[in-house]
Structures are given as C-alpha cells and as structure tokens.
Ligand SMILES: Cc1ncc(COP(=O)(O)O)c(C=O)c1O
C-alpha cells in the first residue's frame, strides 16, 4: 500500500500549484484572501509524492557527481516497450518507433511543424487543454474547434458531421486529438476511435494524438492507443506520452513519441533537432527506469483507486446543489463540473463563481480557458483530508448563498 494520505508541505519548493495563483491574472487563478491557504485544485500536478521506486532511482543517480551530456541507452527503449506492452497491450513496438521528447506540448508543436505549413489550420475538439492553444498559436498555427456534445448521460461525444464539415470547409489535414480527453475525462471507445480514423483516412487528415493521460484510467475502463485502431491509423498517427501526469513528474520533462510511419518519424526527429535541444534530460533516464516497472504499475493502480474515491466524494457533495451537474470521469484526475444552471439560478456567471472559490483558497479553474464557459475544472489528485477541506469551504463560503 502506497501513501496517498499524507499532506506534504510544498512551501519553498516554488511549486506552481501553490505559488502560482495570483501570478498571471486571467490565466492563473487568483491568490486567496488573507486567512485562507491555497488548496491546489487547478494545474495538472498531484499533491502526492511520486512512486518510491522513482525516488530511489533518482537518488542513486544523484550520488554520481557528473551530469554531462549522455547517450540515451537501450534500456530506455526497453522500458517504454515493456510499459506500452503490459499496460496498453501494444503490439509490435520496437526502438525504431520511439523517440525522446522534452515535453508533450513541445512534441505536439514539432508534430504540427512536420505535418503542416506555417499558418495552417488544425482541427481540435472543444473544450480542449489550454496548453495546445498557447503552444500551437504561438508557433503560428490556427485552430478550428469542433465542439464535443454532451449526451443524455452527460458524457461528451464527438460530433462527426461537424468535424467533417470543418475539415472540408477549412481544407484541414491535421487533427490534434486528446486520448483520453482533458478536461472532459473521456476514454474514447473503439467504435468512436474507428469512426474518427475512417474520417481522417477519407480526407487524408493526419493525427497528433496526445496520450499523456493514458495511464490514468478509472477502474473499469481501458485505454486504446489510437495507433492500434487500424493499419492505416498506425501510419497516420504521431502519438505522444510522458511520465509527467502518470507519476507526478511534470517538472522532469520526461516524454516521448511513438511513430510507426518511417518518413514521419524521420521528419519528427529532424524537426525536433531544429527547434531545440531535444535530447534526454540526465535525470529523466532514472525516472523512466524507476517508473516503468511492476512497482510503478502497482502504484498507478492504487492511485486510480484513490482518485476514484475522491471523485465519488466530490460528486456526491456537489450534486446536492440543484443545478450543479457532474459526471464521473472515465480517466484523468480532473472533474469538469457544469455550474451553468446553478449560476443562472443565483444570478452570477460561472467565472464569478470560480473567482469566489479562489478567494477562499478553493483554487479551481474557470472553464473559459478550455473554451467551456459553463464549467469549472477541479483537480482531485490530492489527499482526502485536503479534498474534505476544499468541500467544506465550498459548502460554507462558495455555494452557500449564491
Ligand atoms: C492533454 C495535455 N497535454 C500536455 C500537457 C502538458 O504536457 P507537458 O508538460 O509534457 O508539455 C498537459 C498538462 O496538463 C495536458 O493536460
């Protein structure tokens, strides 16, 4: 049993989650009023210590006092193959298809540069992770948003007709896909993925599949790597993975791509080298070696049980308020709560509600940054005691009198 209950003090560690609020108005949440501490329910890192096998591997490496450039060893590729094979039942993955990336967003931008010309428009589902917009638009690309649509059970679905219409109207040849989806928490099923890839094949659209959340799947669901959908998908998809979300190692930039299409693989490596120093970070290697192990797998399994419990607690407490709608996510540790009806009843906007929470340290995130003005995103990867503290503050100060 790993420890997911200790509340760890991050003071003095320059942690974005704790020290970030108030730093960039309109982008980061506001810092709380005096007397309230930040309960980090926002940026996608966890309030849990990473898996002990990773810390152990890092400590061992740090004992050796030289940290110069080095060659990515065979062991890295073997660990990735081990993880993808055992965790996601990937078949036929070899070293040739794998390449290190200094961060997933960086990899998404590199992939866009490989697949598109400057200024070209890429299709994306909306809502979407804000980092895509920042990264891709800053790099000179445009985004065409195809809205996801909530079904009768509150589950977000792709609108294939809408996607096709936009692909044709804007002459689109690249799609940025989030599998599983942040912030909506969807694990796309086989039928949806097959239909999407058939559409991409029909219109010759290549796909950048960000699978950074693929290890954080709720009990009862299974992640399907997009490349596994068909032979065509295997050659049409650039997939990206990382340790960051899975093991709470986002500061480590330990990421990688999988590309089976030899030409795309060559172009991706070439473009990565043109853009930045895209070699492995010296501490990423021990992190990978400690993470992609049976111990790492067990840690993630236990983590997802804890997150599932946190989701149930938060949903049961928030659903007591008429007009607050939340569906248990199938993946990620993000709960995307629709407060639009509650806010309409109480004469306030969802942004005002988000700000009200932040003032008392309920540091959640206004859905507008994901292009969903009805929702607030809550990061529930935190010890139960912290979550209870947040829910009490929500009851007492936020949803109390509107
Ligand atoms: C879908 C998605 N992709 C990428 C990232 C960031 O990845 P990185 O820090 O490796 O660039 C995040 C972080 O929240 C994310 O949610």
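Quote the relative contact order of the chain in percent (integer), defining contacts as alpha-carbon pairs under 8 Å separated by 6+ residues. Computed over the chain, the figure is 25 percent.
From the mean inverse distance of alpha carbon pairs (Kirkwood) and the Cα radius of gyration, derive Rg over Rh for the range 172-251. Could you put the intermediate results ahead of the total?
Values: Rg = 12.7 Å, Rh = 13.0 Å.
My calculation puts Rg/Rh at 0.98.
No solvent, one uniform scatterer per C-alpha: report log10 I(q)/I(0) for the range 56-293 via the Debye equation at q = 0.09 1/Å, two decimals. Log10 of I(q)/I(0), two decimals: -0.37.
What is the order of 193, 199, fewest Cβ neighbours within 10 Å to most? Please report the intermediate quantities before stating the final value.
Details: 193 21, 199 17.
In order of increasing Cβ crowding within 10 Å: 199, 193.
Of interest is the spacing of the C-alpha centroids, which for the range 21-36 and the range 302-327 amounts to 25 Å. The value obtained for the chain, namely the Cα convex hull volume divided by the number of residues, is 143 Å³ per residue. What separates the Cα centres of the range 146-211 and the range 342-388 is a distance of 27 Å.
Result for the chain in a Gaussian network model with C-alpha springs under 10 Å: among 111, 291, 139, the largest mean-square fluctuation is at 139. Taking each DSSP H run with n ≥ 4 as -39500 (n - 2.57) and averaging over every residue of the chain yields -11500 deg cm²/dmol at 222 nm.
Note on the range 194-290: Rg/Rh from Cα positions, Kirkwood definition for Rh, rounded to two decimals, is 1.01.
Modelled this way, with points 7 Å down the Cα-to-C-beta line, the labels at residue 34 and residue 55 are 3.6 nm from one another. When the chain is treated as a GNM, springs tying every alpha-carbon pair under 10 Å, which of 94, 11, 86 comes out with the largest mean-square fluctuation? It is 11.
Throughout, read-outs are computed from the coordinates displayed, never taken from laboratory work. Here the structure is a predicted model, which is why all the values come from computation and not from measurement. Neighbour counts are summed over all protein chains in view; Cβ atoms, including those assigned to glycine, are modelled from backbone coordinates with ideal geometry.
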